[in-house]
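Working notes for the structure below.
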């Protein structure tokens, strides 16, 4: 969530207190905790690939599905964030795209 808040320029991440406070955390009475626990158990049986291989990583997909349920957000949104993180130059070790190519 925090990396998604970054500016378009590639500098060191800087977040304000407001950004930290915007992180969505499920309430203790959220019924999705069981789904999170089940996802954790299932993902523990799998190899967690490096973030640059996030699109190939079944464990990350399972975790993101449960997280989407817990946060009440669209699973496609988390998939998009996972894709963007995998392409992030600091993660992919690929050069940054030229301005305006994102």
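Relative contact order, whole percent, for the stretch 41-95 stands at 34, derived from Cα pairs under 8 Å and 6 or more residues apart.
Sorting 76, 29 by the number of Cβ atoms found within 10 Å of their own Cβ, with the fewest placed first, yields 29, 76. Each of 92, 22 was scored by other Cβ atoms within 10 Å of its Cβ. Arranged with the fewest first, they read 22, 92. The overall shape of the stretch 30-95 is oblate: from the C-alpha gyration tensor, with semi-axes ordered a ≥ b ≥ c, the ratio a/c is 1.5 or greater and a/b is no larger than b/c.
A short reminder: the numbers here are calculations on the coordinates, not readings from a lab. What you see is a predicted model; the values in this text were computed from it and never measured. Because the Cβ atoms are built from the backbone with ideal geometry, glycine has one as well, and the counts that use them run over all protein chains shown.
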